[in-house]
Amino acid sequence: MPGVVEDSPLEIAIVGGGIIGLSLAAGLIKQNVNVKVYEQAKGFREIGAGMAFTANAIRCMGLMNPDIVSALRSGGSVATSLDKNDPNDYLRWIDGYNKRRKDDPSHQTMLFKIDAGYKGFEGTRRDQFLEALVKVIPEEIVELKKRLDTIEEKANGRVQLKFTDGTTAEADAVIGCDGIKSRVRELLFGSDNPASFPHYTHKVAYRALVPMDKAISALGEYKARNQHNHVGPNAHLIHYPVANQTMINATAFVSDPNEWPDDKVTVVPALRKDLEDAFAGWNPCLTALIRHFPEKLDKWAVFDTWDYPAPFFNKGSVCLAGDAAHASSPHHGAGACCGIEDALCLVTLLQQVNATLATTPTTKTKKAEALAAAFEVFDAVRRTRGQWLVNSSRRVCDLYHQPEWGHPQKWTKAETCFEEIRDRSLKIWHFDYDGMMRDAVARYAEKVVV
Ligand code: FAD
């Protein structure tokens, strides 16, 4: 009831127990926020795919809760590069299409290399990281098999969540960390708004694990043992070593001018032959590597929120973060890093809300106002960067797929793209998270005058 003094701590419901939902929960625990995570799945067994975090994102994790960093490292890291004489991590782009040397058709020209510094990236297996992250959070905080259906803002300033199993829960605020197909986003924008759903990027992906000896026979020792991104007209193929250098993880992305027929089914069976056709005429190293892919493959349609970005990340006591707010294609390999920045921003702001409530009589309306102000600031501070990543990921993929790679007279033009790619990569790697936190605190203070 408005005006009644309530001394209860802040209660936050997080929808979705992915990397961002769990990291945010771990951060909020440190701020003495009462947090609950509602996850639709039965457990946290994800697919064992690899992913990497930038050194910058790892520092953001540490600021939220150092146990997140320990969880990341507990699964062991997967090196993306291996050079005994040089401990730094690099991204490398190589000409995948052209045969520039008549005497050696399998020669590949190295196009560009960016130094990400010592431990510039730390790789992990997604499933191992999540399993370790769950252990950072007290067991009673996570509720499994809870698929969000609706959210209702109540007259007393609280929010009610209804789940598809018919049960309900209440909180002071809801943060939707429910991923690319976010239900919270759909509830905010409505089912007839295209911004509620991700859309097809017109790129498909094929992934395979290739044993290291076969990868070496196709690519040669150095390329097989180090991350490389092979670019060419309308496609690219990226690979890096995994499983203690016993295999490489290779993913080929191919441009597709057609529409994707069904946005509910984004993975369909395909054949190696489809990929061989897409890479016909490429450098023989690449065609040899693709021959080591399994005959039957999955074709995965890449979706994102580029066409219809979220017009806002917040409404009252409801807010979006991570892929729910800005789902990116994977070409920068930084979607989760950006979600971690979101989580740090939210933890910073909710710490401010706690401070407001500690210094003023805590009524439920006061809580709702302070939370709404914090979420407005979150939207102002994070939305442009989150959506920039989505746009930039599309842009770099278009640069990798330039038709100009197929025209010898236009190679020089195509190669200038690496100036732009370097700038975009550095904008991700060197994000000023201290500045973000200061900005968020200052903007919140302007809104909430205690
Ligand atoms: P998710 O991981 O999708 O988690 C959402 C959670 O919400 C899920 O557990 C889901 O079950 C749950 N959920 C959904 N709906 C509901 C509901 N209605 N009720 C309750 N729960 C619900 N990023 C990087 O930073 N580095 C990388 O190297 C990298 N590599 C990538 C490679 C590939 C191939 C892809 C596809 C992405 C990659 N990314 C990478 C991006 C990264 O995977 C995502 O940005 C990140 O996983 C998003 O985390 P999230 O917690 O926001 O969403």
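Some notes on this structure:
- Yes/no for residue 179 being farther than 30 Å from residue 113 by Cα and buried (at least 18 other Cβ atoms within 10 Å of the Cβ): yes
- Within the range 299-348, if we keep just the residues that are within 9 Å of the ligand (Cβ to nearest atom) and acidic (Asp, Glu), the residue that is surrounded by the fewest Cβ atoms within 10 Å (Cβ to Cβ) turns out to be 323.
- Entry remark, the range 326-369: residues being over 30 Å from residue 302 (Cα atoms) and either at pLDDT 95 or above or among the aromatic types (Phe, Trp, Tyr) (or both) number 7 in total.
- Boolean, residue 443 is in contact with a helix residue (DSSP H, G or I) (Cβ under 7 Å, 6 or more places away or on another chain), open to solvent by less than 80 Å² (accessible area, probe 1.4 Å), in the same structural domain as residue 62 (by TED's automatic domain parsing) and among the charged types (D, E, K, R): no
- Per-region count, the range 244-257, residues without any contact (Cβ under 8 Å) to a residue 40 or more places away in the chain and more than 22 Å from the chain's Cα centre (by Cα): 3
- Flag for residue 400 being crowded, with 21+ Cβ neighbours inside 10 Å and farther than 22 Å from residue 201 by Cβ: no
- Against the test of being under 20 Å from the mean Cα position of the chain (by Cα) and farther than 30 Å from residue 220 by Cβ, the options 354, 314 yield a single qualifying residue, 314.
- The residue list 412, 416 contains one member that is within 18 Å of residue 113 (Cα to Cα) and at pLDDT 95 or above, which is 416.
- Filter result for residue 87 (open to solvent by 30 Å² or more (accessible area, probe 1.4 Å) and either free of Cβ contacts under 8 Å to residues at least 12 places away in the same chain or closer than 27 Å to residue 61 by Cα (or both)): yes
- Restricted to the range 56-65, and to residues there that are over 15 Å from the mean Cα position of the chain (by Cα) and within 15 Å of the ligand (Cβ to nearest atom), the residue that is most open to solvent (accessible area, probe 1.4 Å) is 59.
- Cβ separations smaller than 6 Å between residues 6+ apart or across chains give the following pairs from the range 327-348 residues that are assigned by TED's automatic domain parsing to the domain that holds residue 390 to residues that are of a type in the set (Asp, Glu) and at pLDDT 95 or above: 327/304; 328/304; 329/304.
- Selected residue (only one of 229, 234, 244 is at pLDDT 95 or above and either surrounded by fewer than 17 Cβ atoms within 10 Å (Cβ to Cβ) or at positive phi (or both)): 234
- Looking at 140, 131, just one residue is in the same structural domain as residue 340 (by TED's automatic domain parsing), part of a helix (DSSP H, G or I) and away from the ligand (no atom under 16 Å from the Cβ), and that residue is 140.
- Tabulated pairs, the range 14-43, first among the charged types (D, E, K, R) and within 9 Å of the ligand (Cβ to nearest atom), second at pLDDT 95 or above and open to solvent by less than 40 Å² (accessible area, probe 1.4 Å), C-beta under 7 angstrom, 6+ apart or interchain: 39/16; 39/17; 39/142; 39/146
- Residue tally, condition in a loop (DSSP other than H, G, I, E, B) and open to solvent by less than 40 Å² (accessible area, probe 1.4 Å), over the range 262-293: 5
- Put simply, of 213, 192, 149 the only residue that is within 14 Å of the ligand (Cβ to nearest atom) and out of contact with any Pro (no Cβ under 9 Å at 6 or more places or on another chain) is 149.
- Residue in the range 167-176 that is near the ligand (Cβ under 10 Å from one of its atoms), on the phi < 0 side of the Ramachandran plot and within 19 Å of the chain's Cα centre (by Cα) present: yes
- Restricting the range 184-211 to residues that are at pLDDT below 95 and open to solvent by less than 20 Å² (accessible area, probe 1.4 Å), the residue that is nearest to residue 284 (Cα to Cα): 210
- Residue within the range 306-315 that is among the acidic types (Asp, Glu), within 20 Å of residue 332 (Cβ to Cβ) and not in a strand (DSSP E or B) present: yes
The values are calculated or read from the model by the stated rules, or taken from the named source; none is laboratory data. In this text the structure is predicted, and so the values were computed from the model without any measurement. Methodologically, a virtual Cβ is constructed for each residue, glycine included, from the backbone with ideal geometry; neighbour enumeration extends over all protein chains shown. For the accessible areas, the whole protein counts, side chains as well, though only heavy atoms, and no ligand, DNA or RNA atoms are used. Shrake-Rupley method; radii C 1.70, N 1.55, O 1.52, S 1.80 Å.
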